[in-house]
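S.K.: Before anything else, here's the structure in question.
The values are calculated or read from the model by the stated rules, or taken from the named source; none is laboratory data. The structure presented is a predicted model; accordingly, all values stated were derived computationally and were not measured. Backbone-built Cβ (ideal geometry, glycine too); neighbour counts: all protein chains shown.
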Ligand code: SF4
């Protein structure tokens, strides 16, 4: 099995192995130093699912929100939620990450960032995001046509092939954390 995720390895792993839904949130977080609640939950629970420890998660979010949100404000207003996701506050439940169906269901409009990009993005933005993510041009038309046809998970599986030298994802895409593990398995 592949190694874990830490604060230091996260940026490289994100670029190489995250599905488009999570790459979009990481990019937004980097440029805006902020994510609205739903996107934050989507990314935070995913990072937990792939093995980012709580201590690293707190530093990651605190650094990502700075300087827009000063560290003291982060600790007061945002840290609780991250700890809560890890089952360290409130009901102390071990919350699991959303699967693709839930993420697809919670997709907002084209201007929202949470949700599944294959559902919520318009064609031009989807093409631009896919080429930024390194999707092979030969797969682009198929990905776009599957997304347009409402087959979002098939579009994602096809983009996986486009980003992994044509290697297919036999089990399809049902969970972003599975996409991540498969991607690591293929490249490592
Ligand atoms: Fe993320 Fe699943 Fe959509 Fe792929 S199909 S982008 S893993 S929500």
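S.K.: Using beta carbons and a limit of 8 Å, which pairs, at least six apart or on different chains, have the first residue in region 154-181 and within 18 Å of residue 97 (Cα to Cα) and free of Cβ contacts under 8 Å to residues at least 60 places away in the same chain and the second one away from the ligand (no atom under 12 Å from the Cβ) and part of a loop (DSSP other than H, G, I, E, B)?
M.R.: Pairs that qualify, where the first residue is within 18 Å of residue 97 (Cα to Cα) and free of Cβ contacts under 8 Å to residues at least 60 places away in the same chain and the partner is away from the ligand (no atom under 12 Å from the Cβ) and part of a loop (DSSP other than H, G, I, E, B), are 178/171.
S.K.: Taking residue 180, is it buried (at least 18 other Cβ atoms within 10 Å of the Cβ), more than 9 Å from the ligand (Cβ to nearest atom) and under 22 Å from residue 60 (Cα atoms)? Can you show your working first?
M.R.: Numbers: buried (at least 18 other Cβ atoms within 10 Å of the Cβ): yes; more than 9 Å from the ligand (Cβ to nearest atom): no; under 22 Å from residue 60 (Cα atoms): yes.
It is false that residue 180 is buried (at least 18 other Cβ atoms within 10 Å of the Cβ), more than 9 Å from the ligand (Cβ to nearest atom) and under 22 Å from residue 60 (Cα atoms).
S.K.: Looking at (1) part of a loop (DSSP other than H, G, I, E, B); (2) away from the ligand (no atom under 15 Å from the Cβ); (3) surrounded by 17 or more Cβ atoms within 10 Å (Cβ to Cβ), which is the one condition that is false for residue 140?
M.R.: Status for residue 140: all satisfied but (1).
S.K.: OK, next. Is it fair to say residue 163 is under 19 Å from the mean Cα position of the chain (by Cα) and within 10 Å of the ligand (Cβ to nearest atom)?
M.R.: Considered against the rule, which asks whether it is under 19 Å from the mean Cα position of the chain (by Cα) and within 10 Å of the ligand (Cβ to nearest atom), residue 163 comes out as no.
Here is a yes/no grid of residues against (1) assigned to a loop (DSSP other than H, G, I, E, B); (2) within 11 Å of the ligand (Cβ to nearest atom):
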position	(1), (2)
60	no, no
98	yes, yes
127	no, no
147	no, yes
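S.K.: Just give me the residues in region 102-125 being within 11 Å of the ligand (Cβ to nearest atom) and either without any contact (Cβ under 8 Å) to a residue 12 or more places away in the chain or not in a helix (DSSP H, G or I) (or both), in sequence order.
M.R.: Matches in region 102-125: 102, 105, 106, 107, 114, 115, 116, 121.
S.K.: Would you confirm whether or not region 46-55 contains a residue that is surrounded by 13 or more Cβ atoms within 10 Å (Cβ to Cβ), on the phi < 0 side of the Ramachandran plot and either in contact with a strand residue (DSSP E or B) (Cβ under 8 Å, 6 or more places away or on another chain) or modelled with pLDDT under 95 (or both)?
M.R.: There is no residue in region 46-55 that is surrounded by 13 or more Cβ atoms within 10 Å (Cβ to Cβ), on the phi < 0 side of the Ramachandran plot and either in contact with a strand residue (DSSP E or B) (Cβ under 8 Å, 6 or more places away or on another chain) or modelled with pLDDT under 95 (or both).
S.K.: Let me ask something else. Please indicate, with yes or no, whether at least one residue in region 71-94 is in contact with a helix residue (DSSP H, G or I) (Cβ under 6 Å, 6 or more places away or on another chain), in a loop (DSSP other than H, G, I, E, B), within 21 Å of residue 35 (Cβ to Cβ) and touching a residue at least 24 places away in the same chain (Cβ under 8 Å).
M.R.: Yes, because at least one residue in region 71-94 is in contact with a helix residue (DSSP H, G or I) (Cβ under 6 Å, 6 or more places away or on another chain), in a loop (DSSP other than H, G, I, E, B), within 21 Å of residue 35 (Cβ to Cβ) and touching a residue at least 24 places away in the same chain (Cβ under 8 Å).
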